[in-house]
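Enquirer: Attaching a single structure in structure tokens format; questions to follow.
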Amino acid sequence: MRTKLLTSVFATVFLVGACFAQASTEVLVQANRALQAGQADAALALLQSRPSSAEVHNLRCRVLFTLEQWDAAESECEQAVNLESQDSDFHMWLGRALGEKADHAWFGSAFSLAKRARMEFEEAVRLNSQNAAALADLGEFYYEAPAVVGGGAAKADAVATQLDRVDQERAHELRGRIAESRTDYGTAERELKEAVSASKHPAFRWMTLASFYSRRERWNDMNIALRTGKKAAQSDPQSAAALFNGASTLARFKLDLSLAAQMFRDYLASSSKNEDAPAFVAYTRLARVEASLGDLAGAQRERAAALALAHSYRPALDLKF
């Protein structure tokens, strides 16, 4: 009788634990879904009541990252790494948070933050040499950062060689950016075109090429690349975020704002939004574009839509019309 009772108790405890774990996993899935949809407030609310875990902290970090709250993002990502130090992606996200914080920090603290970012990217690659996103981030750090914090174009070249074995598309894009940093614009253009050819979703690489042309003030080439990317995105449901990228390039240079507005709207109407192009950021940028076009009512409406998704997003809060 005692043995049967203990067996029953253990079975009940196991079942309760399994149900709790399943419920917790479902909340993480829902929170990630909200993050991809650009629903920052909803994602944070879902994570608020979850017990501390590396996955919860990493998701919070990524939401805060989209909100451009670098201090809070760093803290959450650091906790994720502390709880699960062998996860390559967790180190990558901590490196990203530190890198953004360094970019927005005063001169004295930027160096130490940049060094820490480099160490996190390097650790992410050490833990998983097949992590293409981490390799791309490390390569970007190397070609952008000065030698005093561990940067260097030669190091970036070595990462591109590693990427050749993992992700040809990213390898070409990295080489293009390295060449641009060396003012070797011919090689940069050729590599970025190779990235387009190597891509399964070329809309993104067309927009990267358009951005390159805009920096060189090659406006006709930019327009061709951007419109080609737009067409590719419209025929590839997984490439909707490329519309956000192209619209952002037009808005940055104040070119063809009517087209920029339409591309932002098309992205926001799509079903494949993601955290790399947060919906509330798209609404905020669309609001600026509409204000520039003289549609103040539309700008107010888009600002409200942004704040409905992310009530603390500072660029939306700071908009004045």
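The values are calculated or read from the model by the stated rules, or taken from the named source; none is laboratory data. Everything numeric in this text was worked out from a predicted model, so none of it was measured. Reconstructed Cβ throughout: ideal geometry from the backbone, glycine too, with neighbour counts over all protein chains shown.
Enquirer: Can we say A233 is farther than 27 Å from N131 by Cα, touching a Leu at 6+ places or on another chain (Cβ under 6 Å) and among the aliphatic types (A, V, I, L, M)?
Expert: It is false that A233 is farther than 27 Å from N131 by Cα, touching a Leu at 6+ places or on another chain (Cβ under 6 Å) and among the aliphatic types (A, V, I, L, M).
Enquirer: Take V289 and decide whether it is under 19 Å from L226 (Cα atoms) and β-branched (V, I, T).
Expert: Here the answer is yes, as V289 does meet what is asked.
Enquirer: Shifting gears a bit: What residue, among those in the stretch 134-158 that are farther than 15 Å from S88 by Cβ and within 20 Å of the chain's Cα centre (by Cα), is surrounded by the fewest Cβ atoms within 10 Å (Cβ to Cβ)?
Expert: Only one residue tops the list, namely E144.
Enquirer: When you go through (1) at pLDDT below 95; (2) touching a helix residue (DSSP H, G or I) at 6+ places or on another chain (Cβ under 6 Å); (3) in a helix (DSSP H, G or I); (4) of a type outside the set (V, I, T) one by one for Q238, which number turns out not to apply?
Expert: Status for Q238: all satisfied but (2).
Enquirer: Continuing with this model, one more query. State whether the residues of the stretch 212-226 include one that is closer than 24 Å to D295 by Cβ and not polar (S, T, N, Q).
Expert: yes
Enquirer: A further question follows. What is the residue count in the stretch 63-75 for residues that are charged (D, E, K, R) and in a helix (DSSP H, G or I)?
Expert: Matching residues across the stretch 63-75 total 2.
Enquirer: For the stretch 255-280, name all the residues that are of a type in the set (K, R) and either crowded, with 24+ Cβ neighbours inside 10 Å or farther than 20 Å from A43 by Cα (or both).
Expert: R265
Enquirer: Residues S85, S75, S52: which one is under 19 Å from D137 (Cβ atoms), surrounded by fewer than 21 Cβ atoms within 10 Å (Cβ to Cβ) and of a type in the set (S, T, Y)?
Expert: S85
Enquirer: Could you pull out the residue among F264, F321 that is more than 21 Å from R170 (Cα to Cα), at pLDDT below 95 and either assigned to a helix (DSSP H, G or I) or among the aromatic types (F, W, Y) (or both)?
Expert: F321
For every residue, the table says whether it meets (1) modelled with pLDDT of 95 or more; (2) aliphatic (A, V, I, L, M); (3) in contact with a Lys or Arg (Cβ under 9 Å, 6 or more places away or on another chain).
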{"residue": "F90", "(1), (2), (3)": "yes, no, no"}
{"residue": "W106", "(1), (2), (3)": "no, no, no"}
{"residue": "E140", "(1), (2), (3)": "yes, no, yes"}
{"residue": "E144", "(1), (2), (3)": "yes, no, yes"}
{"residue": "V166", "(1), (2), (3)": "yes, yes, no"}
{"residue": "D184", "(1), (2), (3)": "yes, no, no"}
{"residue": "A195", "(1), (2), (3)": "yes, yes, yes"}
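Enquirer: Given the criteria touching an Asp or Glu at 6+ places or on another chain (Cβ under 9 Å), of a type in the set (G, A, S) and farther than 25 Å from R96 by Cβ, does A299 qualify?
Expert: yes
Enquirer: Are any of the residues in the stretch 142-157 in a helix (DSSP H, G or I) and over 18 Å from G99 (Cβ atoms)?
Expert: Checking the stretch 142-157: at least one residue is in a helix (DSSP H, G or I) and over 18 Å from G99 (Cβ atoms).
Enquirer: Quick check: anything in the stretch 46-58 in contact with a helix residue (DSSP H, G or I) (Cβ under 6 Å, 6 or more places away or on another chain), modelled with pLDDT of 95 or more and farther than 24 Å from F280 by Cα?
Expert: Scanning the stretch 46-58, I find at least one residue that is in contact with a helix residue (DSSP H, G or I) (Cβ under 6 Å, 6 or more places away or on another chain), modelled with pLDDT of 95 or more and farther than 24 Å from F280 by Cα, so the answer is yes.
Enquirer: To continue, here is another question. Out of E122, E169, E144, which single residue is within 23 Å of A241 (Cα to Cα) and among the acidic types (D, E)?
Expert: Every option except E169 fails the conditions.
Enquirer: State the number of residues belonging to the stretch 76-133 that are over 20 Å from the mean Cα position of the chain (by Cα), of a type in the set (G, A, S) and not in a loop (DSSP other than H, G, I, E, B).
Expert: Selection size over the stretch 76-133: 4.
Enquirer: Considering each residue of the stretch 26-45, count those that are surrounded by fewer than 23 Cβ atoms within 10 Å (Cβ to Cβ) and either in a helix (DSSP H, G or I) or without any contact (Cβ under 8 Å) to a residue 40 or more places away in the chain (or both), and give that number.
Expert: The qualifying residues number 13.
Enquirer: When you look at A297, is it at pLDDT 95 or above and more than 22 Å from F65 (Cα to Cα), yes or no?
Expert: yes
Enquirer: Among the residues in the stretch 237-254, are any aliphatic (A, V, I, L, M), more than 25 Å from Y213 (Cα to Cα) and surrounded by fewer than 24 Cβ atoms within 10 Å (Cβ to Cβ)?
Expert: The answer is no, given that none of the residues of the stretch 237-254 is aliphatic (A, V, I, L, M), more than 25 Å from Y213 (Cα to Cα) and surrounded by fewer than 24 Cβ atoms within 10 Å (Cβ to Cβ).
Enquirer: Answer with yes or no whether A306 is out of contact with any Lys or Arg (no Cβ under 8 Å at 6 or more places or on another chain), within 26 Å of W93 (Cβ to Cβ) and surrounded by 16 or more Cβ atoms within 10 Å (Cβ to Cβ).
Expert: When the stated conditions are applied, A306 passes them.
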